[in-house]
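Taken together, the values in this text are just the output of simple stated rules run on the coordinates, not laboratory data. Because the structure is predicted, anything quoted here is derived from the model rather than measured.
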2 protein chains.
Amino acid sequence: MNKVNLTEKLSLINDHWNPRIAAELNGQYVKLVKFQGPFTWHHHENEDELFMVVKGRFRMEYRDDDGEQSVWIEEGEMIVVPRGVEHRPVADDECEVLLFEPVATLNTGNTENELTRKELSHI
Amino acid sequence: MNKVNLTEKLSLINDHWNPRIAAELNGQYVKLVKFQGPFTWHHHENEDELFMVVKGRFRMEYRDDDGEQSVWIEEGEMIVVPRGVEHRPVADDECEVLLFEPVATLNTGNTENELTRKELSHI
């Protein structure tokens, strides 16, 4: 039963869009990641995805029946992106984020490119 | 796709040990709750439970092969209590907490008493 200090763990991360595993429970991972710049448009077929901002802010862009939308997620805020929804996070400045999602979730969802991370390390 | 501001939601809670549902994803709830005083010793047969401190601090007491242990969980820290582990949170002063756990999780686990909350409201 080890506790995790979010800020301490995030201080060990020196890259962007490369999630680390901070905890596992009930078939889900808690991941920590730093965002900077725009990510890739994608969706997840079978997984809902929670984003919580630990430090900074980012903009979640997504597409629904009304077209392209966006919402700022500020420090201390979270958002759930339901499965199937096309989205991409964009961080104008570096942003520290906690993710909660099923173990099977691939960061780029239905897309594969240079940002895809298949082997995640623990932190 | 509505974002949730943790501090705003927590400011709506005026009681203790009464979790509210702040989000649902992948069969899990994100709950918000205020702790004050000692909770009930209990365990969960089938659910791991994550506690994250949004404001304040609390002490997680638990029992393992070495007997009774405890660890302070401070603001910005989290801990996972694995299924089967006897535990009880204790907050000397009011503490604001986020929980991640399966939808089926009962707050008092294998115990039922005046602190048990079966019908949770959304916040």
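Computed on the Cα atoms alone, the convex hull of the stretch A:65-123 gives a volume of 142 cubic angstrom per residue. Enclosing the Cα atoms of the stretch A:6-102 in their convex hull gives a volume equal to 91 cubic angstrom per residue. Here residue B:34 is the anchor, and the lysines within straight C-alpha reach of less than 25 Å, apart from those fewer than 8 places off in the same chain, are A:3, A:31, A:55, B:3, B:9, B:55, B:118. Computed 3J(HN,Hα) for the stretch B:15-30, one whole-Hz value per residue from the Karplus formula 6.51 cos²θ - 1.76 cosθ + 1.60 where θ = phi - 60°, is 9, 10, 6, 10, x, 10, 8, 9, 6, 9, 7, 6, x, 10, 10, 9, glycine and proline marked x.
Extents of the protein assembly as shown, taken as max minus min of Cα coordinates on every principal axis and listed largest first, are 50, 37, 29 Å.
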